[in-house]
Amino acid sequence: MAGDEAHHLGRVLRAQPGQLYELSDGEDVWLGRVETVGRETVNFALVEKLDAYQPKLEVTLLLSVVKFDAFEWALEKATELGVSRIVPMAAERSEKGLLAAARKRAQRWEKLLLEASQQSRRVRLPLLSEVMKPERAFTEYAEGSCVLLSERPDAVPLREVLGEAGTGTKAALAIGPEGGWTETELAAGRNAGFLEASLGKLILRTETAVIASLAAINYALGTD
């Protein structure tokens, strides 16, 4: 192991020869024993291969850019909840200043996804897409059961939408910005095959809606 991870393991966590750690290359997981700790590297001996859990349900989260503290907290929790891909969206009602800065934060967000994956012992990191307009994101990621959270009073409850979807291997969840979707964005979602769904009458912050809806999707559509 080299780079920042080796530095953190050796200098911050004070790894010592003989200690055991779980190691992953994104596909497999091994139990490794520390052999030597250098200034910039940590060398391991592989002891045994471990069972690696990979969720059968692949969920893509289409998340409109909101204030970065809430957005980044949502990235972390979405990672813990097993999403396969995260697509930041430049919605019409996203703050323009945030959108201008968002494109410069990809490296920070990638680091957040790595740290959250390590903390939750995920084998494979979620993919982070570029920032894109909702209309494009709806078209590119409309696979499997597609849900668009909506505040419209006639939106069908999420439990009913998921109840009719059955099980599957792919799903997509779209969450709008503060202030909600525009009519143009809602129409684009419908045209791409997304079903509008409501989380009820409670007013939820974006990050809360991410957790609530992903948990519901995992429960309703997951098979393991």
Seminar exercise, completed: For the stretch 31-77 the number of residues that are under 23 Å from Arg121 (Cβ atoms) and free of Cβ contacts under 8 Å to residues at least 24 places away in the same chain is 10
Exercise. List, please: which pairs have Cβ atoms under 6 Å, are six or more places apart or on different chains, and start with a residue in the stretch 2-28 that is over 16 Å from Gln119 (Cβ atoms) and end with one that is part of a helix (DSSP H, G or I)?
Worked result: Ala15/Leu9
Problem set entry | Top-ranked residue in the stretch 27-47 [being touching a Phe, Trp or Tyr at 6+ places or on another chain (Cβ under 7 Å) and exposed (fewer than 12 other Cβ atoms within 10 Å of the Cβ); ranked as farthest from Glu95 (Cα to Cα)] | Glu35
Exercise. Before we move on, is Glu160 among the charged types (D, E, K, R), farther than 21 Å from Lys77 by Cβ, at pLDDT below 95 and part of a helix (DSSP H, G or I)?
Worked result: yes
Problem set entry | Options Glu92, Glu143, Glu151; residue that is part of a loop (DSSP other than H, G, I, E, B), under 25 Å from Gln54 (Cβ atoms) and of a type outside the set (Val, Ile, Thr) | Glu143
Exercise. Regarding Leu186, is this residue modelled with pLDDT of 95 or more, assigned by TED's automatic domain parsing to the domain that holds Ser64 and more than 25 Å from Gly82 (Cβ to Cβ)?
Worked result: yes
For this session: Return the pairs, sorted by first residue and then second, in which the second residue is assigned to a strand (DSSP E or B) and hydroxyl-bearing (Ser, Thr, Tyr), the first residue lies in the stretch 157-178 and is under 14 Å from Gly222 (Cα atoms), the beta carbons are less than 6 Å apart, and the residues are 6+ apart or on different chains.
Result: Ala165/Ser145; Gly168/Ser145; Ala171/Ser145; Ala172/Thr60
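The values are calculated or read from the model by the stated rules, or taken from the named source; none is laboratory data. These figures come from a predicted structure and were not determined experimentally. Cβ coordinates were reconstructed from backbone atoms using ideal geometry, including for glycine residues, and neighbour counts include every protein chain displayed.
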